[in-house]
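Asker: Encoded as structure tokens, here's the structure I'll be asking about.
Laboratory data are not the source of any read-out in this text; all were calculated from the coordinates shown. Computed from a predicted structure; not experimentally measured. Heads up, the Cβs are rebuilt from the backbone with ideal geometry, glycines too, and the neighbour counts pull from every protein chain shown.
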């Protein structure tokens, strides 16, 4: 009788397990590590709750919902993003990084989601109507390391020194303190900081004409075609529905 009871219990357990719903591949959402910049407001930054936030953060999360993956944001220095992707430490990049031929040799860029150019920031007391970075010949200037601005300034060969900084706030802080004559940074980032009342002794030069416009998108490892196809389909949907335009407006990028 005891043996029959054991067989009966085992049968009941097997029937119960068989009745449970199967866990589908869709239910096992893949979690992707997404690299972004920690101080690239309003594209990506740490908010008052010490959480990563911003346009590119919201964008990749929305894309993840549409494509079917979860997002684990990995804030880091801008200059470390591509190396982290190519070494496999992260799976994607979602940051204000220009799509350039040099970068496209080692990583893949999605369809464009936004475009902008550099701005010139100088002391508030400096009211000269500069129109290009050539107007700063012989001066000490600065830009963020890893950006196309650094290379362009160095290749110009007209400055007494080109200083490289890890973050845009660091560039603006040295302009603010008078340690450099001008800084060349992402225009929307500088505009956002100044609009929030930060760096009160600095202003954007309105007469300056952008020389290095660029476009940004989501970045995958080189040859990750299947994932990129899905990401581009999600971006196309966001554009056609107007949702991308709403995000751009939300983050004061229009």
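Asker: Could you count how many residues in the stretch 83-106 are surrounded by 20 or more Cβ atoms within 10 Å (Cβ to Cβ) and touching a helix residue (DSSP H, G or I) at 6+ places or on another chain (Cβ under 9 Å)? Break it down stepwise before answering.
Answerer: Filtering the stretch 83-106 for residues surrounded by 20 or more Cβ atoms within 10 Å (Cβ to Cβ) gives 85, 90-98.
Pick out the ones that are also touching a helix residue (DSSP H, G or I) at 6+ places or on another chain (Cβ under 9 Å) and you get 90-98.
Qualifying residue count for the region: 9.
Asker: Report those strands (runs of 3 or more DSSP E) wholly inside the stretch 150-254 carrying at least 3 residues which are touching a helix residue (DSSP H, G or I) at 6+ places or on another chain (Cβ under 7 Å) and over 30 Å from residue 140 (Cα atoms). It would help to see each step written out before you state the result.
Answerer: Values: elements: 161-165, 182-186, 202-204, 214-216, 219-221.
Qualifying strands (runs of 3 or more DSSP E): 219-221.
Asker: Going by the conditions given, is residue 211 closer than 15 Å to residue 39 by Cβ and out of contact with any strand residue (DSSP E or B) (no Cβ under 6 Å at 6 or more places or on another chain)?
Answerer: No.
Asker: Could you tell me whether residue 136 is in contact (Cβ under 8 Å) with a residue 60 or more places away in the chain, surrounded by 13 or more Cβ atoms within 10 Å (Cβ to Cβ) and under 10 Å from residue 182 (Cα atoms)? Talk me through it step by step, then tell me what you get.
Answerer: Details: in contact (Cβ under 8 Å) with a residue 60 or more places away in the chain: no; surrounded by 13 or more Cβ atoms within 10 Å (Cβ to Cβ): yes; under 10 Å from residue 182 (Cα atoms): yes.
When the stated conditions are applied, residue 136 does not pass them.
Asker: Spot the failing condition for residue 166; the list is (1) under 23 Å from residue 189 (Cα atoms); (2) without any contact (Cβ under 8 Å) to a residue 12 or more places away in the chain, and only one is missed.
Answerer: It is condition (2) that residue 166 fails.
Asker: Being closer than 27 Å to residue 71 by Cα and touching a strand residue (DSSP E or B) at 6+ places or on another chain (Cβ under 8 Å), is that true of even one residue in the stretch 168-185?
Answerer: Narrowing the stretch 168-185 to residues closer than 27 Å to residue 71 by Cα: 168-169.
Add one more test, that the residue is touching a strand residue (DSSP E or B) at 6+ places or on another chain (Cβ under 8 Å), and what stays is 168-169.
Yes, that holds for at least one residue.
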